[in-house]
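Read through the structure below, which is laid out as structure tokens, and then see the notes.
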């Protein structure tokens, strides 16, 4: 999976030169998968961008490339990445399992959710997703779910609404230890 982290970084670096996305076709990574690319500052390890696809809509290599550019240049929480930042960021790639709907009645859902699950909440057109890595920052389950609701543009009481859908998933994540450095698996 080191290759996917390197691909994400290369896609961002190449975009500064060409301002185009040149899709890399890789037979090894053509299975369609959900994927997120996270960019953190280095050495502070603060979020700088995180975007992806929860559903498997693109072949894995293409999904990584598209998510890398979105995280670098179109995460609405941050200014677009600048070329001067390339040596002060680390890139992480998270490959998602297929999201599984939690079908229990709303009050029973809490029992199915455990620390380390990635979660998606959905109500109508509103949708929010937290990768499992977010548990490092929000370790309380109730607070985690409340923050996920806010991210989706919902109030926390939507957790208990029978028309709100919830899904859980897990990830395999890989990250640079330093800019362009060794790639390691992230332990969730």
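The values are calculated or read from the model by the stated rules, or taken from the named source; none is laboratory data. Computed from a predicted structure; not experimentally measured. Positions of Cβ are generated from backbone atoms using ideal geometry, with glycine treated the same way; all protein chains shown enter the neighbour counts.
Here is the figure for segment 145-159: residues that are closer than 20 Å to residue 50 by Cα and surrounded by fewer than 15 Cβ atoms within 10 Å (Cβ to Cβ) total 2. In this structure, does residue 85 turn out to be modelled with pLDDT of 95 or more, surrounded by 15 or more Cβ atoms within 10 Å (Cβ to Cβ) and more than 17 Å from the chain's Cα centre (by Cα)? In short, yes. The residue that is farthest from the chain's Cα centre (by Cα), counting only those in segment 41-54 that are in contact (Cβ under 8 Å) with a residue 60 or more places away in the chain and surrounded by fewer than 22 Cβ atoms within 10 Å (Cβ to Cβ), is 43.
The set of residues in segment 1-20 being in contact with a strand residue (DSSP E or B) (Cβ under 6 Å, 6 or more places away or on another chain), surrounded by fewer than 22 Cβ atoms within 10 Å (Cβ to Cβ) and part of a helix (DSSP H, G or I) consists of 2 alone. Which of the following residues is touching a strand residue (DSSP E or B) at 6+ places or on another chain (Cβ under 8 Å) and either over 23 Å from residue 60 (Cα atoms) or assigned by TED's automatic domain parsing to the domain that holds residue 57 (or both): 154, 129? Going through 154, 129 in turn, just one is touching a strand residue (DSSP E or B) at 6+ places or on another chain (Cβ under 8 Å) and either over 23 Å from residue 60 (Cα atoms) or assigned by TED's automatic domain parsing to the domain that holds residue 57 (or both): 154.
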